[in-house]
Amino acid sequence: MKRLLTCLLLISCACLQAAELELELPQPEWLLPPVSPPVLQREGILFPGELETAQQLGRLTGQDSPAALAFVREEYPFLAERLEASDPEGVLRTRVVRGGYDQASSHDQFSAALLYLVGHVYLAQEMHIPAGTAFLTALAALPDYARVHESLGLLYLDTEYYDLAQTHLSRALGLGLDVGAMLADNDGYGYFQALGDLLVTGPTLTNVNDYRVILVE
């Protein structure tokens, strides 16, 4: 009897292995489209014409902060002049918009994302007033810009405006920038990437964290 059951079991397993398994799966649906309104409300997008500038600023800010500031003053003299004067008339607020994948409608129009980057250029030079003006101007165009709330909160914390720091840091957390969770997950990469402060060195040509494979056939 045991032999018969064993044989039947083996035959059943063999039949299952030989059978072709076909599954019909429904078409996947995006819960949030790649460029959905909720995402765009929390994230700035550079104009296409600003991409090269952003890359240059990213390189210079990480290597040579004074050179980054000189670059901003040379490439965007009007913007730099208004920021360094604290823009008392609020002129920049009429020139800064959400940004997007289309070209800016005029040469004097800037994206909120560019203001965020320029604010960090001033912050690297400890020029808090122009930095704060840049961040606040970006928020005027994009009130739920999570990275800007985070940066502005840290700026106010550094300058001992604790109530304002709490306001903006709380807003950043409410918009999904959970610093504590990222720290608990050891997710420094994701944290600095979200802030736009991620430094990617590329190959260092040392024996530290460089791994290369050569395939010889």
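All of the numbers you see were taken from the coordinates with simple rules; none came from a lab. Everything quoted here is computed from the prediction, not taken from an experiment. Methodologically, a virtual Cβ is constructed for each residue, glycine included, from the backbone with ideal geometry; neighbour enumeration extends over all protein chains shown.
Before moving on, here are some points about what is shown:
- Near-label residues of the stretch 132-154 by backbone N, under 16 Å of a point 7 Å along Cα→Cβ of Glu84: 132-134
- For Val96, the amide hydrogen comes within under 5 Å of the amide hydrogens of Phe110, counting only partners 5 or more places away or on other chains and with H modelled in the peptide plane.
- Cβ crowding within 10 Å, taken as a proxy for footprinting-reagent exposure, orders Thr53, Thr167, Thr137 from fewest neighbours to most as Thr167, Thr53, Thr137.
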